[in-house]
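The values are calculated or read from the model by the stated rules, or taken from the named source; none is laboratory data. On a predicted model such as this, the values are computed, not experimentally measured, just so you know. Please note: Cβ atoms are built from the backbone with ideal geometry, for glycine as well, and neighbour counts cover all protein chains shown. Protein only, heavy atoms only, side chains kept; ligands, DNA and RNA dropped before computing areas. Shrake-Rupley method; radii C 1.70, N 1.55, O 1.52, S 1.80 Å.
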Amino acid sequence: MAGSSIIGFIRRILFGEDPAELGFTPAQIARKSNTEARLRAQGVTINRGLPFTEDESEVERRPSTEVLDRILALSAVSWKALGREGLGAFVETFSVREKLSPREAAYFDDPSPSERDKIQFSWRCEAAQELLWALGVDTGRSAWPASQTHPPAVFSAAIDAARRLLPEPRPLPEVLDALDLIYRCHWAVRNEQVAGNTEIADLDGSVIMERHHALNWLVRYSDDDWDDVPTDT
């Protein structure tokens, strides 16, 4: 969330000022309104006090080659965590070892990782699927973050993407729509965990966490490396 967006949103809440008069774009205003309407229709509690997400003009998405490298790294650590065969060939064929983040490399090189680490890294296929979707690859992803992905389908899609010319990435406004949705869904599941007075319908908190992490990384939210990307709500 850009600093100007936060300040402007606070002024709107405190003084009732029109978002457009505070510099928020029609796209930002419509995106927030559309997301809240969708959450309301699904029976999810809305926090109208959450700020607007960034406008397209404020975002510099990562290049497709960097996104593909990240997909391959996420697939590799998830592949290991799930104990599926063929990981060695995958890593060697696509030079995946050099694409791993420091935390991923430490896990990947650990001959006997803890169960906690296995569970944590097994979820990375959800982040990989989200980045494949943003890259323009069809993996059967559900737009509503309630159902878990099928890992072999994600790994297969990652391999296909690495072997072919990269497709045209999904339009940025569509990516920002997905980020706005996941941001507000993430607030709901977190608030339900803390306060217990929030309706979250069938949302899957782990799926949401991975998608939020992936999309924040993609649009350079705080511009951190993968291991340090925040998922503020």
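The set of residues in the range 37-75 that are farther than 16 Å from TYR221 by Cβ and either in contact with a strand residue (DSSP E or B) (Cβ under 6 Å, 6 or more places away or on another chain) or basic (Lys, Arg) (or both) comprises ARG38, ARG40, ARG48. When SER101, SER112, SER64 are screened for being of a type in the set (Ser, Thr, Tyr) and more than 21 Å from the chain's Cα centre (by Cα), only SER112 passes. Take ARG103 and decide whether it is modelled with pLDDT of 95 or more, in contact with an Asp or Glu (Cβ under 7 Å, 6 or more places away or on another chain) and open to solvent by 40 Å² or more (accessible area, probe 1.4 Å). Yes; evaluated as a whole, the condition is true for this residue. So, SER147, is that one farther than 19 Å from LEU218 by Cα and out of contact with any Lys or Arg (no Cβ under 9 Å at 6 or more places or on another chain) or not? It is true that SER147 is farther than 19 Å from LEU218 by Cα and out of contact with any Lys or Arg (no Cβ under 9 Å at 6 or more places or on another chain).
Among what's in the range 164-182 and is open to solvent by 50 Å² or more (accessible area, probe 1.4 Å) and at pLDDT below 95, pick the residue that is nearest to PHE52 (Cα to Cα). Filtering first and then ranking leaves GLU168. Given the condition at pLDDT 95 or above, farther than 24 Å from ASP160 by Cβ and either of a type in the set (S, T, N, Q) or open to solvent by 20 Å² or more (accessible area, probe 1.4 Å) (or both), answer yes or no: does some residue in the range 120-139 qualify? Looking for residues that are at pLDDT 95 or above, farther than 24 Å from ASP160 by Cβ and either of a type in the set (S, T, N, Q) or open to solvent by 20 Å² or more (accessible area, probe 1.4 Å) (or both), one finds at least one in the range 120-139, hence yes. Scanning the range 28-51 for residues being closer than 15 Å to ASP177 by Cβ, charged (D, E, K, R) and open to solvent by 50 Å² or more (accessible area, probe 1.4 Å) gives a total of 1.
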